[in-house]
Amino acid sequence: MKDLGRTIDKLLRVEPTLQPQLSSIKKNWKKNPSKTMEYWQELLTILNSEPLLGHPRRHELRSIVVNRPKQAHQQLYTFEETRANDRIVGVIPEHLADFIRRHDSRMVRMAKKQTEANMTRNVALMAQVSREETLLNISANRIWLALKDYFSLWEKPQHFSIRKRQGMLVLVEDPPTPPSMQANVMRIDPRKLFGMLGIEPPPEE
């Protein structure tokens with residue numbers, strides 16, 4: 001709830017002619033603060049009276065009294081949406097999901113600090129980022145420990161990712177990584193190599 005005294009002061013700065021009525025309310029309120037709701041009602045009755053309904057600055061007067069809804073802070077996360085071909089292991093329980101979201105938010109904040117530190121070459125900030133990164137690594141290990149325990153994944157060699165689906169966090173099994181292509185090494189006979197270099201090959205033992 002807004003402070004009644006401060007609200008009255010703001011109203012009087014907009015419309016000083018209300019001084020006699022509003023000052024009386026403020027004076028009585030200071031003497032008997034337990035009746036705050038009654039004095040608020042008295043103030044609203046004055047503001048909604050006939051002379052003030054057509055006041056040229058009525059919108060401004062109203063905005064002083066009415067609480068403005070605070071804009072919800074949009075939290076940034078890095079979780080990707082699940083895809084059609086994702087193999088979902090299961091929904092992550094809420095107590096672990098909350099811990100994971102907090103960890104992800106810390107990662108976002110650290111990335112911002114790291115960018116700032118790199119651009120400004122701020123040594124103190126770099127040290128702070130390095131420490132935060134170490135703490136986040138510990139936190140990540142705790143998360144995967146808890147997830148592997150919860151979903152019994154210790155016997156499975158697969159890799160897993162955390163994604164979001166319909167507002168929930170889910171554990172997704174990553175597709176198997178294709179075997180890496182081995183480099184084709186061209187084999188050259190040593191005697192041919194010496195010949196290409198114009199060197200007499202050593203005698204064979």
Selected residue (criterion: modelled with the lowest pLDDT) from residues of the stretch 27-53 that are of a type in the set (S, T, N, Q) and part of a helix (DSSP H, G or I):
SER34
Within the stretch 99-140, of all residues that are over 23 Å from ILE162 (Cβ atoms) and of a type in the set (Gly, Ala, Ser), the one surrounded by the fewest Cβ atoms within 10 Å (Cβ to Cβ) is ALA124
Among the residues of the stretch 7-52, how many are closer than 15 Å to SER63 by Cα, in contact (Cβ under 8 Å) with a residue 12 or more places away in the chain and among the basic types (Lys, Arg)?
1
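The values are calculated or read from the model by the stated rules, or taken from the named source; none is laboratory data. Since we're looking at a predicted model, the values are computed, not measured. Glycine also receives a Cβ, built like all others from the backbone with ideal geometry; neighbour counts cover every protein chain displayed.
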